[in-house]
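The values are calculated or read from the model by the stated rules, or taken from the named source; none is laboratory data. Just so you know, these numbers come straight off a predicted model, no measurement behind them. Counting neighbours? That spans all protein chains shown, and the Cβs are built from the backbone with ideal geometry, glycine included.
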Amino acid sequence: MTETRDIDILHYCRSQTARHLMLMVRSPSEVVNPLLFFLLVIVLFPLGLGPDPEQLSVLAPGILWVVALLSNLMICMRLFVDDLEDGSLEQVAMARVPLSIAVLPQLLASWLASGLLLSLVSPIFGLMLGLPLDVAPVLVASLLMGTAIMLLLGAVGAALTVGVQRGGILLAILILPLYVPILIAGTRALNEALHGGDPTVALALLGAGVTGGLLLAPVAIAAGVRVSLEL
Amino acid sequence: MWRIIHQFGSPPWVYRFCDKVIPWLMPITIGALLVGSVWGLLFAPTDYKQGDSYRIIYIHVPAAVVALAGYYVMALAGLVSLVWRVKLADTAMRAAAPIGAAYTAIALITGAIWGKPTWGAWWVWDARITSMLILFFLYVGVIALFEAYENKTVAARACAILSLVGTVNIPIIYKSVDWWYSLHQPASIKFTGSSAIDASMLYPLLGMIITFYALFALLMMLNLKQSLTEEYAQSAWLNKRLAA
């Protein structure tokens, strides 16, 4: 019995991840729009602050991180909505796989399509804001981990607000205060790298955040999904 | 021991308990508030550096201390409601949230009023101020989430989860904000309060902190009673109690 169960979980995770990735491929706007949003907001900053590259490069770490935070919020708003509407979230909750594991494939798929993509293209946005290319590895690494924690935390909020009318703005109120440590560690890593310091402490903290988030967040997400489904 | 715990899960018992305690606690708290304010505002010695402006400490510090404690009261009630499904804990959690938010707001506002004469600015991005502001947003989030749900039982469970997530995060947020502050530490702002505080100033402060705790308890009981009255408006025990 237990053996089939183990196989079930792995098989389940693989097929669910594939399903969610397939859904994203079929509606590419869901993947592209957050990236476009990221780009657009970044363009707004030089327009508002003036084109002086030196000033921009001072502000760049903060701008990049705040915008990454906001575009992540957009992704979190959509996270469970479709699955709730077509009823598949209920099926997931009823499956034999524990719910705290069953929600992970979707998070993985979302992260691959958003966090990973955004981190990989972020050096381009960094260049636009006058960041030197040699901090690109730190930028990518910090965003890779940061987007993962943000998605895990945001999913808790998304699970809690998915059943609520106009839950989007509510989600922002719930989740943004919790993003504070991520923002601080992320910009710290970038600033250290920019000014010749050692970014490893900040990066290690982000890594710790990912580990802790992976341990704790699924439980909270599962509890949130149950609340929203009124199970 | 178990009986006491069980009693706290019973709405009629808690309602009676509140009815019994409030007539005592209300005059004591109001009296202590008056004594503490007069003591702190009139009789405590003037600070040699800040003059009389420091006296706002007698409201600012107690409010800040209890605001943080209030979040833990709320989260604890949330935990009890999630784990043991005690309905009364839901009500307690809902009762604690607005009071805690109000305390946080008081701490922030008095801090701004205090900051103007001593630091020369209404708002400074100091680590503690910033953490207080985030605490305020956490409270507001719980209240907003509760309001968003139609079904209040579900709302309470959602709020319980959120407040627990917040509890795990509060120490991390506080540490990270401290760390962030050490990044751009402004040189000129250092105030004398961190040096050992004299007993003549300390006793009224301690008194006010205890009073603010008592006030929190009092407000919470009043809030609890009101919520119970709404929730159990159709129940026989409440109608009997109200008729008596």
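Summary of values
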{"item": "Enumeration of residues in the stretch B:202-244 that are crowded, with 19+ Cβ neighbours inside 10 Å and of a type in the set (F, W, Y)", "result": "B:F212, B:F216"}
{"item": "Top-ranked residue of the stretch B:145-165 - restricted to ones that are in a helix (DSSP H, G or I) and within 7 Å of another protein chain (Cβ to nearest Cβ), ranked as nearest to A:L153 (Cα to Cα)", "result": "B:V165"}
{"item": "Members of the stretch A:170-198 found to be of a type in the set (A, V, I, L, M), more than 8 Å from every other protein chain (Cβ to nearest Cβ) and more than 17 Å from the chain's Cα centre (by Cα), listed by number", "result": "A:A189, A:L190, A:A193, A:L194"}
{"item": "Selection within the stretch A:77-107 - of a type in the set (D, E, K, R) and farther than 22 Å from A:A148 by Cβ", "result": "A:E85, A:D86, A:E90, A:R96"}
{"item": "Hits in the stretch A:142-169 - residues which are of a type outside the set (A, V, I, L, M) and within 9 Å of the chain's Cα centre (by Cα)", "result": "A:G146, A:T147, A:G154"}
{"item": "Lone unmet requirement of (1) within 22 Å of B:L218 (Cβ to Cβ); (2) among the aromatic types (F, W, Y); (3) within 14 Å of chain A (Cβ to nearest Cβ) for B:Y103", "result": "(3)"}
{"item": "Failed item, numbered, when B:A112 is tested on (1) closer than 24 Å to B:K225 by Cβ; (2) more than 9 Å from chain A (Cβ to nearest Cβ)", "result": "(1)"}
{"item": "Some residue of the stretch A:211-218 being hydroxyl-bearing (S, T, Y) and over 20 Å from B:R157 (Cα atoms)", "result": "yes"}
{"item": "Among the residues listed as B:L133, B:L82, B:L138, the single one being within 14 Å of another protein chain (Cβ to nearest Cβ), within 24 Å of A:G157 (Cα to Cα) and at pLDDT below 90", "result": "B:L82"}
{"item": "Residues of the stretch A:174-210 that turn out to be among the charged types (D, E, K, R), surrounded by fewer than 22 Cβ atoms within 10 Å (Cβ to Cβ) and part of a helix (DSSP H, G or I), as a count", "result": "1"}
{"item": "Out of B:G100, B:G36, sole residue that is in contact (Cβ under 8 Å) with a residue 24 or more places away in the chain, under 25 Å from B:I134 (Cβ atoms) and either crowded, with 16+ Cβ neighbours inside 10 Å or aromatic (F, W, Y) (or both)", "result": "B:G100"}
{"item": "One residue from A:L117, A:L133 being more than 9 Å from chain B (Cβ to nearest Cβ) and within 12 Å of the chain's Cα centre (by Cα)", "result": "A:L117"}
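Residues checked against (1) without any contact (Cβ under 8 Å) to a residue 40 or more places away in the chain; (2) under 19 Å from A:L178 (Cβ atoms); (3) surrounded by fewer than 17 Cβ atoms within 10 Å (Cβ to Cβ):
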site	(1), (2), (3)
B:M74	no, yes, no
B:G78	no, yes, no
B:T91	no, no, no
B:L138	no, yes, no
B:G141	yes, yes, no
B:Y149	yes, no, no
B:I161	no, yes, no
